[in-house]
Amino acid sequence: MLASETEQAMPNDNNPYETLIAAARIAITEDIRKNPEDWKREDQLTDFLIDTVQEAVVPDSADFAWAVKVIEAKPSILKRKIDEPADSAWFAICEAIGEQVIADIRREFEPVTDRLIVEDWEDRAPSERSM
């Protein structure tokens with residue numbers, strides 16, 4: 001699971017934000033390897049990021065000290081406007097961290113997933129393309 005990978009990687013890493021990105025990258029590449037057909041769908045990257053990565057970004061052991069280290073490593077997190085209203089400061093911080101990871105990973109992986117979609121489209125017979 002992504003959170004446990006993050007928890008394991010954090011003590012050895014000087015940049016906690018990069019640890020989150022690395023764990024998300026691992027989760028995505030493993031899923032592409034295991035479920036390549038799913039990744040030919042246009043919405044798979046978005047679905048996977050929201051359903052799997054964002055929910056697992058903040059490890060169970062996270063506290064304000066952890067969040068401060070992540071924010072120090074990626075100060076632009078403080079500028080994020082979260083989409084959902086926050087009931088607490090902790091929720092807002094966690095949501096902002098998750099959304100920043102999603103944004104950065106999306107930029108990194110969109111060219112890859114776009115190629116998978118194009119390859120699938122080009123492999124289809126002309127009659128299937130008009131669907």
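The values are calculated or read from the model by the stated rules, or taken from the named source; none is laboratory data. This is a predicted model, so every value here is computed, not measured. Cβ placement follows ideal geometry from the backbone for every residue including glycine, while neighbour counts extend to all protein chains displayed.
Of all the residues in segment 56-75, those that are surrounded by 12 or more Cβ atoms within 10 Å (Cβ to Cβ) and either not in a helix (DSSP H, G or I) or not aliphatic (A, V, I, L, M) (or both) number 8.
The residues on offer are ASP120, ASP104, and the sole one that is under 25 Å from PRO36 (Cα atoms), assigned to a helix (DSSP H, G or I) and at pLDDT below 85 is ASP120. Just one residue in the set GLU42, GLU110 is in contact with a helix residue (DSSP H, G or I) (Cβ under 7 Å, 6 or more places away or on another chain), in a helix (DSSP H, G or I), surrounded by fewer than 16 Cβ atoms within 10 Å (Cβ to Cβ) and touching a residue at least 12 places away in the same chain (Cβ under 8 Å); that residue is GLU110. Condition check for ILE32 on (1) within 12 Å of the chain's Cα centre (by Cα); (2) surrounded by 15 or more Cβ atoms within 10 Å (Cβ to Cβ); (3) of a type outside the set (Phe, Trp, Tyr); (4) modelled with pLDDT of 85 or more: one failure, at (1).
In this structure, GLU84 does not qualify as surrounded by 12 or more Cβ atoms within 10 Å (Cβ to Cβ), farther than 15 Å from VAL112 by Cα and either at pLDDT below 85 or among the charged types (D, E, K, R) (or both).
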